[in-house]
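The values are calculated or read from the model by the stated rules, or taken from the named source; none is laboratory data. Not measured: the values here are computed from a predicted model. Backbone-built Cβ (ideal geometry, glycine too); neighbour counts: all protein chains shown. Note: areas computed on protein heavy atoms with side chains; ligands, DNA, RNA excluded. Shrake-Rupley method; radii C 1.70, N 1.55, O 1.52, S 1.80 Å.
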Amino acid sequence: SNSQTIYGTKTMTDSSKRHNLQKKAYHVEGLDCAEEVSALNETVGELDGVEDVNYNVLKARMTVTFDPDTVGHEDIARAVEEAGLRAAPWDEADSRGGGGGFWERRGRLLTTCASGVFLIAGFISHWAIHDSFMHALAAAHGAGGREYPWVPVVFYVAAIASGAWFVAPKALSAVRRLSPDMNLLMMLAVTGAAILGQWFEAGTVSFLFAVSLLLEEWSVGRARRAISRLLDLSPTAARFIPPDGEEMREEPVEEVPVGSTVLVKPGEKIPLDGEVVEGRSAVDQAPITGESEPVRKEPGDEVFAGTINGDGAFRFRATKSAEDTTLARIVHLVEEAQSRRAAAEKWVETFARYYTPAMIYLAAGIALIPPLLLGGAWGAWFYRGLVIMVIACPCALVISTPVTVVSGLASAARSGVLIKGGVFLEQAGGLRGIALDKTGTLTEGRPRVQNIVPFNHDTEEELLAIAAALEKPSEHPLARAIVSYAAERDIDPPAAADFRAIKGEGAEASIDGRSFWIGSHRLMERKGEETPEIHDKALELEDEGHSVVALGNEEHVCGLISVADPVRPEAADTVRALKDRGMEEVLMLTGDNEGTAAAVARSAGVDGYRSELLPEDKVTAVRELRDRLGEVGMVGDGVNDAPAMATSRLGVAMGAMGTDVAIETADVALMSDDLSRLPWLIGHSRRVLRIIKQNVSFALGLKALFIGLALFGMATLWMAIAADMGASLLVIFNGLRALRAADV
């Protein structure tokens, strides 16, 4: 399911009914933030027969699990209307593009514009009737006589009605549910201003609040579009030959069977995940992995949906269906991530839940206590209470945090960092230590030939050719590394005969009638052909963390080949960057031997290392690091390091592109093999948290300032709503800065 559980609802206890449960999705018009979610939980969530309600705010979708014998679709639709919203079955809404007809898509914009036009018309008509701009302006500010001609009053009433068109139903719902919200705050302020005869200010409050809600809808829509652009990465159709067919055809990607041979032409997007079977090209994987350089692809290499082909044509065999590609899983997890909300989001929502009724009581107290107990003027203090009610609107506070978090998640996904929830985005910025797996994290995870040391007048080429011939039948990683290196140097190995494996030590074979052997240092010692010079060289290579392969014949040792899993070129810079980000300890964990671990640790520049560890030993090491520092992360391959990842505060999968288990098990997945994304993630997290703190501090500070001004009679209704709208606008734009993947 792509739904996001934002609030839990009641669970049915009658297990006998569970087999009858149905699940249905609805498109809910106006579902933009936590206010609407809370209202729906109080109406839909409390229906008899409803077991669970999930929400996907980014898609304005509500998924209801219910017992059809107890509650029906009509009951659910009525409950949505009680919350001041409207719902349509998701399949019908989806067929219309998810947004309904013209009124559903443009209604809020039209009513807001109409409110503004009527407001201006009312002011101009007042000016024209009295032929005095100053008279109209003084009346607008509640001075110079409060008698309004009926013509501008009609226009102001029209401005109020237009601006409150979408607000009034939600305010009435809040009254019925005895759950005050910002919609009720605004309607009380508008009604109070009208009662006082402040028609211009009542119209202004209605119009500016409508503008504020329009901005909120736009900002959430911007975040929705940022996520939907991930979907646009994948083409909708593919040219392919079915597994049991012979003719090429073009069909939607959803209809391409697994195993089909798919053709990709130069410049096209790759439609599915698969394995290249014919042709070569360079593929731009930046849309998913964030890699800056195209990656060469040839037969046997993996390709991924949504990446862009270069200047070569090739064919690949589809290995996954359209709904199961790496890109599809990324989109699903990014959508789902919003349900795992950061602590800052939860704090803002909890604060707003108590803050709104508290502000209503404060405004009522200011309006009533001074006139009743201190002899104050009723009109003046009632007006000040209305001003406080307007400035108390928590709109800017409520919308800024989720917009910032969703923007941060979307920009990270575009940069090749898949963060599986706002809570993990927040946790990344609070880390004080990092544990790094060695193989595949600090190293490339693929053994490569490092040194070729010939003896007894043999050349490097001769040594490598014979070694490749002897190792060709073997599947051992060291053997594969030697054979691959020979192929890279265009060395064609001679034919080997009478091949015989030496268990645990190496192999023997005949080449051109001569007997050769290849194997470990131990095999060389057993053969009795090791000289002091060769022994010293072998130890030197082993001290550098290399595995030594010896090659010889019946007379002498021909040479040594050292093989090692090379440290990533960016490893040392990444470790330094992590320390610059404030990491108090960067620890390497490995199951490899002491010598190899020490060599990699020196090269990478980590603070310490632990070698020869089993998976449970890694868990112990992470737990000890956590006890010392508190907030620590674990970076590994997402499979054998999963227990240690679970023990840490934040589990990060390295190089998860195309690795199902890594994407599913980690809290964060670095989609490419770029270790430098790790310090970037920490910096990005801290940047998003800074934006959230800026928004919350600014919104609360502005409200405190205007409450003080209102108490001294220095703030008007239109000033209060303009300040609130300005605050909403500023925090929204500030939050949307997180969409930009800055160099952090």
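What to note about this one:
- The residues of region 163-178 that are open to solvent by 30 Å² or more (accessible area, probe 1.4 Å) and farther than 21 Å from T204 by Cβ, listed by number, are P169, L172, V175, R176, R177, L178.
- Considered as a group, the residues in region 603-635 that are touching a Ser or Thr at 6+ places or on another chain (Cβ under 6 Å) and not hydrophobic (A, V, I, L, M, F, W, C) include one that is nearest to E584 (Cα to Cα), and that residue is G633.
- When residues in region 303-360 are screened for being closer than 30 Å to S179 by Cα, open to solvent by 10 Å² or more (accessible area, probe 1.4 Å), hydroxyl-bearing (S, T, Y) and modelled with pLDDT of 70 or more, 2 of them pass.
- Every residue from region 597-613 that is open to solvent by less than 70 Å² (accessible area, probe 1.4 Å), in contact with a helix residue (DSSP H, G or I) (Cβ under 8 Å, 6 or more places away or on another chain) and either charged (D, E, K, R) or not in a loop (DSSP other than H, G, I, E, B) (or both): A597, A599, V600, S603, A604, G608
- Filtered by the rule that a residue be hydrophobic (A, V, I, L, M, F, W, C), in a loop (DSSP other than H, G, I, E, B) and touching a helix residue (DSSP H, G or I) at 6+ places or on another chain (Cβ under 9 Å), region 231-257 gives L233, V256.
- Residues that are open to solvent by 10 Å² or more (accessible area, probe 1.4 Å), closer than 26 Å to R740 by Cα and of a type in the set (S, T, N, Q), drawn from region 409-442: S415, Q427
- Those residues of region 258-284 which are acidic (D, E), surrounded by 14 or more Cβ atoms within 10 Å (Cβ to Cβ) and either part of a loop (DSSP other than H, G, I, E, B) or modelled with pLDDT of 90 or more (or both), in sequence order: E268, D273, E275
- Contact map, region 375-391: residues that are closer than 17 Å to M719 by Cβ paired with residues that are open to solvent by 50 Å² or more (accessible area, probe 1.4 Å) and assigned to a helix (DSSP H, G or I), Cβ distance under 7 Å, separation 6+ or inter-chain. Pairs shown: R384/L711; I388/L362; M389/L188.
- Helices (runs of 4 or more DSSP H) wholly inside region 148-204 containing at least 3 residues that are more than 41 Å from the chain's Cα centre (by Cα): 150-163, 182-195
- Pairing each residue of region 257-284 that is without any contact (Cβ under 8 Å) to a residue 40 or more places away in the chain with any residue that is of a type in the set (K, R) and surrounded by fewer than 16 Cβ atoms within 10 Å (Cβ to Cβ), provided the two are 6+ apart or on different chains, yields C-beta distances under 7 Å for A282/R296.
- D512 being out of contact with any strand residue (DSSP E or B) (no Cβ under 8 Å at 6 or more places or on another chain) and in contact (Cβ under 8 Å) with a residue 40 or more places away in the chain: no
- Conditions (1) assigned to a strand (DSSP E or B); (2) surrounded by fewer than 18 Cβ atoms within 10 Å (Cβ to Cβ): number failed by C558: (2)
- From E584, E624, E616, E570, residue being within 25 Å of F424 (Cα to Cα), open to solvent by 50 Å² or more (accessible area, probe 1.4 Å) and under 28 Å from the mean Cα position of the chain (by Cα): E584
- Selection of region 614-645 for residues being assigned to a loop (DSSP other than H, G, I, E, B) and among the aliphatic types (A, V, I, L, M) yields L614, V639.
- Close contacts from region 167-179, counting a first residue that is farther than 19 Å from R108 by Cβ and a second that is among the acidic types (D, E) and in a helix (DSSP H, G or I), with Cβ to Cβ under 9 Å and a gap of 6+ residues or different chains, come to R176/E82; R177/E42; R177/E82; S179/E42.
- Long-range neighbours under 7 Å by Cβ, at least six apart or interchain, first residue among the polar types (S, T, N, Q) within region 712-723, second at pLDDT below 70 and open to solvent by 30 Å² or more (accessible area, probe 1.4 Å): T716/H141
- Any hit, region 656-678, residues being modelled with pLDDT of 90 or more and either open to solvent by less than 20 Å² (accessible area, probe 1.4 Å) or farther than 30 Å from V731 by Cβ (or both): yes
- Residues located in region 683-709, provided they are open to solvent by 30 Å² or more (accessible area, probe 1.4 Å) and over 23 Å from L362 (Cβ atoms): R686, L689, R690, K693, Q694
- Residue in region 492-515 that is β-branched (V, I, T) and open to solvent by 30 Å² or more (accessible area, probe 1.4 Å) present: no
- Condition check for A237: more than 25 Å from G655 (Cα to Cα) and either at pLDDT 80 or above or surrounded by 20 or more Cβ atoms within 10 Å (Cβ to Cβ) (or both): yes
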